[in-house]
Amino acid sequence: MNSQYMSMKMAVNSNPHHKIDACSFSKNDSSQMTQTPVKKDILVPHGHIIISYKWRGTELAKALEKGVKVIISEQLGVVDFHPSSDVAVAYVSEVDIIAGTSFRRKLVKMRQADCMRGVVIVEKTPYTTQQFYSLQKFTVLELGLTLIPIANSSEAGQLLIQMVHAENRESCNPFRLKRQIPPMEVLLVRTLTCIPSLGDVKARALLQKFHSLQKVGQASEQELEIVVGKGSAQKVYDFFHKAST
């Protein structure tokens with residue numbers, strides 16, 4: 001751990017709401033970095049979240065400050081939040097969805113950063129329901145990212161705080177060999193339960209059998225029926241294969 005990192009960390013700890021540029025926490029000297037869609041060498045201190053400069057002063061940023069220490073960066077590229085060093089989060093708002101498909105390019109660029117676990121937080125509202133399912137298929141099946149629907153920015157703030165704490169608990173416990181409920185598994189279950197009539201138990205059963213959302217989407221209706229029954233299998237199959245209306 002270098003002296004630059006220690007001095008920055010001491011400055012943050014002395015003022016929990018102090019905001020500094022996250023490039024100071026990169027593993028390489030910031031002067032040697034160039035602008036990229038995703039910063040692959042971000043180092044997030046425990047108990048912190050790095051957020052994009054565009055979120056500065058927003059209600060979401062204020063909500064985050066109540067639960068974790070916030071670091072603001074102007075150089076996160078297409079990423080909105082880093083709750084840990086290996087997790088990149090993109091936020092797709094109601095306005096983004098209604099405005100068009102430009103946000104899809106943002107998600108593609110984030111997916112290209114293979115060193116990161118990509119999570120997409122999407123505002124699912126009465127105005128975005130129709131577009132949401134098309135976005136979900138694109139994000140989960142085509143890109144292989146984890147998608148989490150939320151109602152508003154307040155709920156997003158709570159989710160991001162939970163992600164910070166979950167990642168910290170795992171990395172700080174050297175004696176825990178295997179997580180009982182991995183944070184990413186919880187997110188995948190939450191994504192599957194967006195399918196009408198598919199509850200938590202059946203969603204977990206599908207993940208246990210097929211191991212990923214991509215393989216769930218590629219399964220035949222007969223294969224799904226063995227796991228969740230005929231009625232649910234048809235709804236799952238239709239969700240992944242029928243064209244959006």
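Some points to look at:
- Among (1) under 21 Å from PHE138 (Cβ atoms); (2) without any contact (Cβ under 8 Å) to a residue 60 or more places away in the chain - the single one PHE240 does not satisfy: (2)
- In the stretch 77-107, the residue that is farthest from GLN158 (Cα to Cα) out of those that are among the polar types (S, T, N, Q) and not in a helix (DSSP H, G or I) is THR101.
- Residue match in the stretch 30-38 (condition: at negative phi, surrounded by fewer than 20 Cβ atoms within 10 Å (Cβ to Cβ), at pLDDT 75 or above and in a loop (DSSP other than H, G, I, E, B)): no
- Flag if LYS106 is of a type outside the set (Gly, Ala, Ser), farther than 24 Å from PRO196 by Cα and free of Cβ contacts under 8 Å to residues at least 24 places away in the same chain: no
- Qualifying position, being under 20 Å from the mean Cα position of the chain (by Cα) and either buried (at least 22 other Cβ atoms within 10 Å of the Cβ) or modelled with pLDDT under 95 (or both), among GLY47, GLY57: GLY47
- Selection from the stretch 89-140 of residues that are closer than 13 Å to VAL79 by Cα and β-branched (Val, Ile, Thr): VAL89, VAL92, VAL108, VAL119, VAL120, ILE121
- Within the stretch 210-222, considering residues that are under 23 Å from the mean Cα position of the chain (by Cα) and within 17 Å of LYS235 (Cβ to Cβ), the one surrounded by the fewest Cβ atoms within 10 Å (Cβ to Cβ): GLN218
The values are calculated or read from the model by the stated rules, or taken from the named source; none is laboratory data. Quantities reported herein were computed from a predicted structural model and do not represent experimental measurements. No Cβ is skipped: glycine too gets one built from the backbone with ideal geometry, and neighbour counts run over all protein chains shown.
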